[in-house]
Amino acid sequence: MAKVLEGPGMGLMKKWGINVPNYVVVTSVDELTKLGQANEWLKKSKLVAKAHEALGSRFKLGLVKVDLDFKAAEAATKEMIGRQVGSITVTQVIVSEMIPHKEEYYCAVKSTREGSEILVANCGGIEVESNWERVKRLCLEIGQAPSADALEKLSKEAGFTGPLIKKMADFAGKMYGCFDSEDAQYLEVNPVVTRASDGELVALDAVTLLDGDAKFRHPDWNFAFAAEFGRAYSKQEEEVMAVDSKIKGSVKFIEIPGGDTAMLPAGGGASVYYSDAVVARGGKLANYAEYSGDPPDWAVEVLTEKVCSLPGIKNIIVGGAIANFTDVVKTFGGIINGFRKAKSEGKLKGVKIWVRRGGPREKEGLDAMRALKDEGFDISVFDRNTPLTDIVDKALQAK
Amino acid sequence: MSILANKDTYVVIQGGVAGVNAARRMAEFCYLIKRSLNVLAFVYPPDAGKTHEIPYGSGLVAVPIYKTVAEATKHHPQINTSLVYIGADRAMKGGMEALDDTHIKVVSMITEGVPEKDAKILGAHARKLGKVFNGPSSIGIVSAGSCRLGVIGGAFDNLVLSKLYREGSFGVITKSGGLSNEIIWICSQFADGITTAIGIGGDAYPGTDYVSYLEMFENDPQTKAVVIVGEMGGDLEERAAEWYGAKKRRVKLMAVVSGFCQESLPKGMKFGHAGAKEGLKGEGSARSKSDALKKSGAIVPATFGALGPAIKDVYQDMLKSGQVKEPVEPASLPKLPKSIEAAMKADEVMVTPLIRTTISDDRGDEPCYDGYPASELINKGYEIPHVVGLLWDKRLISKQEAEIIKRIMMLSADHGPCVSGALGTIIAACAGIGLSQSVAAGLIMIGPRFGGAVTDAGRFFKHAVDNKMTVDEFLTYMKKNHGPVPGIGHRVKSLRNPDKRVKELVGYVKSLPIKTPCLDFALQVEQVTAAKKDNLILNVDGTMAAVLVDIGFPVDSLNGFFILSRTIGLIGHWVDQKRQDSRLIRLFDYLVNYAAPKRREVPPLK
């Protein structure tokens, strides 16, 4: 899943005929000032300014300002750009037209196993969170578009009356169109509001999750995907992602500040069991990592260097199940090179390394790891006869 | 018995290299269980009409490649299963093609990164047709003792260690490829092994979920228990729990779920599998899955490590109740023939080498010339003449010797377009012939009359010096035994019009503090011959030869210096003609002396 920020998210909705307020995304006050000269609405309307970053609770952080005139929007932009929140620096501000409204509604489309589901409620904002039973659903099989009748029925069920029945049905239909055409996995508009000027429904906010795997058929996705866990990717993480995008197989790396047990396991499945074992034994993870699909040795070497560079680590868990086709000698070769490099740079002092692995050429690979002992590494090596996560138990007991 | 894949499963593989690798692994399994290769065809349009040679035992099986699935099943109507190894952007089309073929009942997709929508469409289409669509991102399916689809099960040794050559009693369903192997191994060590193991793939919406496979296992009398390896995200484990809890089931359900670490990690963190992700509202967590499974009556060990002992307990109960019997292991199993390389490493065979080399070795990370790594030679300041010394005479020549060779090469790199070699190359170049052939056309000219006298000149001068001959003795010896002295004489140059190249080279070598007996002798010979006839001077071949013999190069290598140097010029001439886009040339009639008989009548054929 790939999260898309509000600006490009609203852009996609607009593309599929959903009314969105006028908006601009700027990276400086100068840019806003220039846009103000070209866009009359910026001068005429009341405005909302929001930090355009993957941040939760922007309201509480003072990164959403409402009911602004253009001058005040410029001031708000100036204040927000460059602000540091945790690891994220605010680099963009989205300034949009404020839509005066009375009622707020809710509409979302989400991916399900069978296909998708359209969710509609005749309340919105924070009210919908506490009244989840008021959300009505229309389940759709894959490949089945909702009929106008079904949408109107949904709209009625959700409590819409009069001309709003058809308006909400149309809105939900367009949401589905956007969802289906853009390979979305989740689209949410909260709130949907009635624009006083023309009585049309307008999307005031957009949560957009797209299927990153479908990027190949969407040449117009010219925006970057946002980090999904409330912080920016670190330089190290981005470097591993850059490697990952280039290779056959995969390498993954996420830092978890404050931990002391570093992870360097193989396999998308096994890596999570290893992480579980660390947490279950009361250890603190310093990262999540994973390599799989027989990646080239240099990619595993890059990953190893990042793992070895994590601050304050005491153990490195080089775990892995019995591989199907990942060559143990080759991938371990990358890890060994990474270890040697780290050691020559003065890293890995007092760090214990724990290895468990099976798979093609396992004996040669494990022997090569064992030989690191002679080079002064504190390394313990186990084969398939030691259960998968026992090295975690040993590592955390050895403290 | 087993599910999905058995002795009657025959396969078409859609895709290129990855598919061929899978076929090799599948052939190893077929060989282990003594069945013929179950891959009957490949579909890969770029190579349609060719075959892939798949090793089977010590032989090779040729498997044909077709353009379409329909062609493959038309030629091989036994095919009932397709494995899809096509790239993510074209995977759906390939999967649809297979599903729509009436012969094919099971399609397993190995491709990773397939858009969710495509996977759902494929799954729905398969359900509509009453077929199975497994994956995407599936590692494969293996039924012990009968059929392997994909690389699941790993290397040959692992197949044997995991006892995949015969049936056990445990079914396995996993999302993770690596863990499928781990569980198969655990089942073989703590119990009697598996019936069928299925990798359903780690995507959010696998084409076929746990429940469908649980139903199949429930109907397979050989399978007594099923192990599920789940992970956070989605609701497949919850659905499995619902199925298991709904009524009394014949099979025992055992499960582990990963992702408890999520509770202490940043929300929304992405794990290795696309589907491994908690829902927006916390549903699909490891804990909720694990609780649901426990509640349904499934055995859910606290950790992955505890799974082995739990499987053992279940197996021991089955033994006690007489539900299963201890398996009988076969007396012997086929051994996978070793490659020559592996057998040699294990000191099991001796091979007589076909060729022997004493100069270079490129088996490491870079070539070594006479033992010296090329990069080290570069970094320590050695140059091309030193490489010539190492490869032609197996010695590191001195700086001074290298300088002499460099000068020889510079002096003889080219001699204009009119000489035989360059003309040959130019004619070829004008005829549109490629670089290597055109240069070869020029090199072919090098012989006794053009540039190829260096070796012979060196040989005879050396003979004279070694045998302490006087100039007169030498000239008599040559006249009697061989004819004109190689290295003496020139078409256009003479004493009055000396060859500047010779003067230059002789002057330089004589300025050095080295002994040059051959050169000295050759110069003495020139004095005598040139006195007899003006153009019988020491030519550039003879000079090079004498100097090279003096600095110790073996006589047989001497022509090489001319060939090497002149190749520089010949390449230059080819590039020059190419750059000018020169047209085809032919001789003008007036340049030919037509001395053939005049036109006459052909007599009747007798």
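If one computes P(r) from the Cα atoms of region A:280-355, what percent of pairs lie at distances over 19 Å? Result for the distance tail: 34 percent.
Averaged per residue, region A:40-190 has 46 square angstrom of accessible surface, using a 1.4 angstrom probe with ligands and nucleic acids left out.
Residue-normalised convex hull volume from the C-alpha trace of region B:492-606: 274 Å³ per residue.
Taking the average, over residues, of other Cβ atoms within 10 Å as the packing measure, peptides A:118-124, B:372-378 rank A:118-124, B:372-378 from highest down. Which residues belonging to region A:245-272 lose at least 40 Å² of 1.4 Å-probe accessible area when the assembly is complete, relative to their chain isolated? Hits at the 40 Å² cut-off: A:Ile256, A:Gly269, A:Val272. Once you sort the root eigenvalues of the Cα gyration tensor of region B:320-404 as a ≥ b ≥ c, which label holds: rounded (a/c under 1.5), prolate (a/b larger than b/c) or oblate (the other case)? Since a/c reaches 1.5 and a/b is larger than b/c, the shape of region B:320-404 is classed as prolate.
Over both sides of the A-B contact, add up the buried accessible area with a 1.4 Å probe and give it to the nearest 100 Å².
Looking at A and B, the buried total is near 4400 Å².
For the segment A:356-362, counting C-beta atoms of other chains within 10 Å of every residue's C-beta and taking the mean gives 4. Among the residues of B:484-494, the average count of other protein chain beta-carbon atoms within 10 Å of the residue beta-carbon is 0.
Computed from backbone phi, the HN-Hα couplings of region B:308-324 come to x, x, 5, 5, 4, 4, 4, 5, 4, 4, 5, 4, 4, 6, x, 5, 10 Hz, rounded to whole numbers (Karplus: 6.51 cos²θ - 1.76 cosθ + 1.60, θ = phi - 60°; Gly and Pro given as x). The 3J(HN,Hα) values that the Karplus relation (6.51, -1.76, 1.60; θ = phi - 60°) gives for region B:558-567 are, in residue order, 5, 4, x, 5, 6, 4, 4, 5, 5, 4 Hz. Gly and Pro appear as x. Net charge of the neighbourhood of B:Val328, taken over other residues with C-beta under 12 Å away and scored Lys/Arg +1, Asp/Glu -1, is -1.
Region B:96-128 and region A:101-172 have Cα centres spaced 31 Å apart. Packing, taken as the mean count of other beta carbons within 10 Å per residue, orders the peptides B:339-350, B:44-55, B:158-169, B:173-184 from highest to lowest as B:173-184, B:158-169, B:44-55, B:339-350. Pairs of C-alpha atoms in chain B farther apart than 33 Å represent 64 percent of all such pairs.
The spread of Cα positions in the protein assembly as shown, taken along each principal axis and listed from longest to shortest, comes to 124, 87, 85 Å.
Remark on B:Ser258: its backbone amide H falls under 5 Å from those of B:Gly230, B:Glu231, B:Met232, a criterion applied only to residues 5 or more positions apart or on other chains, H modelled at 1.01 Å from N. The phi-based Karplus calculation (6.51 cos²θ - 1.76 cosθ + 1.60; θ = phi - 60°) puts the 3J(HN,Hα) values of region B:254-265 at 10, 8, 10, 10, 9, x, 4, 4, 3, 4, 10, 10 Hz, whole numbers, x for Gly and Pro. Note on region A:141-211: the C-alpha convex hull projects to 5.2 nm² when averaged across all orientations.
Per atom type, region B:507-604 shows carbon and sulfur on 58% of its accessible surface, probed at 1.4 Å.
The rule of thumb for compact globular proteins, 2.2 N^0.38 Å, goes into the C-alpha radius of gyration of region B:1-66 1.10 times.
For region B:407-533, just run the numbers: alpha carbon Rg, then divide by 2.2 N^0.38 Å, N being how many residues it has. Region B:407-533 yields a ratio of 1.24. Accessible surface for region B:354-507, divided over its residues, is 61 Å² per residue with a 1.4 Å probe.
Annotation: amide H of A:Arg384 within the under-5 Å range of A:Arg357, sequence separation 5 or more or interchain, hydrogens built in the peptide plane.
Note on chain A: with neighbouring protein chains present and a 1.4 Å probe, carbon and sulfur make up 52 percent of its accessible heavy-atom surface. Remark: for residue pairs B:Lys175/B:Lys252; A:Lys65/A:Lys102; A:Lys110/A:Lys156; A:Lys43/A:Lys65; A:Lys306/A:Lys341, the C-alpha separation exceeds 23 Å in no case.
Debye-formula intensities of region A:53-98, expressed as log10 I(q)/I(0) at q = 0.16, 0.19, 0.20 Å⁻¹, are -0.41, -0.57, -0.63 (one equal scatterer per alpha-carbon, no solvent). Of the residues A:Gly346, A:Val24, A:Leu388, the one whose Cα sits farthest towards the positive end of the charge dipole of chain A is A:Gly346 (charges of +1 on Lys and Arg Cβ, -1 on Asp and Glu Cβ, taken about the Cα centre).
As an equivalent ellipsoid, region A:201-300 spans semi-axes of 29, 20, 12 angstrom, where each value is the square root of five times an eigenvalue of the C-alpha gyration tensor, largest first.
Computed over region A:273-399, the convex hull of the alpha-carbon atoms projects to a mean area of 6.9 nm².
For peptide B:116-124, the mean count of partner chain Cβ atoms within 10 Å of a residue's Cβ comes to 6. The alpha carbons of region A:325-366 occupy a box of 33, 16, 13 Å along the principal axes, longest dimension given first.
Kirkwood radius for region B:463-532, taken over all pairs of different Cα atoms as the inverse mean of 1/r, rounds to 13.3 Å. Judged by the mean number of other Cβ atoms found within 10 Å, the most tightly packed of the peptides A:176-182, B:221-227 leads the ranking B:221-227, A:176-182. Centre-to-centre, using Cα atoms only, region A:1-56 and region B:584-606 are separated by 87 Å. Taking amide H as placed 1.01 Å from N in the peptide plane, the amide H of B:Leu253 sits under 5 Å from that of B:Val226, B:Ile299, each at least 5 places away or on another chain. Which percent, nearest 5, of DSSP beta bridges in the protein assembly as shown are antiparallel? Percentage antiparallel, nearest 5: 55.
When a/c is below 1.5 the answer is rounded, else prolate if a/b is larger than b/c, else oblate, so apply that to region B:496-541 with a ≥ b ≥ c taken from the square roots of the Cα gyration tensor eigenvalues. Note, shape of region B:496-541 comes out oblate. All distinct Cα pairs of region B:296-455 go into the 1/r average, and the inverse of that average, the Kirkwood radius, is 24.0 Å.
Report for chain B the percent antiparallel among DSSP-assigned beta bridges with both residues inside it, nearest 5. Mind showing how you got there, number by number?
Values: 18 of 53 bridges.
If we restrict to bridges inside chain B, about 35 percent are antiparallel.
With contributions of -39500 (n - 2.57) from each DSSP H run of at least four residues, the per-residue ellipticity at 222 nm computed over the protein assembly as shown stands at -12000 deg cm²/dmol. With contacts taken as Cα pairs under 8 Å at a separation of at least 6 residues, chain B carries a relative contact order of 9 percent. The eigenvalues of the Cα gyration tensor, multiplied by 5 and square-rooted, give region A:19-146 an equivalent ellipsoid with semi-axes of 33, 17, 15 Å from largest to smallest.
Dividing the Cα radius of gyration by the Kirkwood radius, what Rg/Rh value follows for region B:143-197? Taking Rh as the inverse mean 1/r over Cα pairs, Rg/Rh reads 0.90. Normalised by the number of residues in region B:298-404, the mean separation of alpha-carbon contacts (under 8 Å, six or more apart) gives a relative contact order of 12 percent. Equivalent ellipsoid of chain A: semi-axes from √(5λ) of the C-alpha gyration tensor, largest first, are 49, 25, 18 Å. Given a cut-off of 27 Å, what percent of all Cα-Cα pairs of region B:19-166 lie beyond it? Here the long-distance tail beyond 27 Å is 20 percent of all Cα pairs in region B:19-166.
Could you tell me which of rounded, prolate or oblate describes region A:340-399, using a ≥ b ≥ c as the square roots of the eigenvalues of the alpha-carbon gyration tensor, with rounded for a/c under 1.5 and, failing that, prolate when a/b is larger than b/c and oblate otherwise?
Oblate is the answer for region A:340-399, as a/c is 1.5 or above yet b/c matches or exceeds a/b.
The values are calculated or read from the model by the stated rules, or taken from the named source; none is laboratory data. This is a predicted model, so every value here is computed, not measured. Positions of Cβ are generated from backbone atoms using ideal geometry, with glycine treated the same way; all protein chains shown enter the neighbour counts. Note: accessible area is taken over every heavy atom of the protein model, side chains too, but ligands, DNA and RNA are not part of it. Shrake-Rupley method; radii C 1.70, N 1.55, O 1.52, S 1.80 Å.
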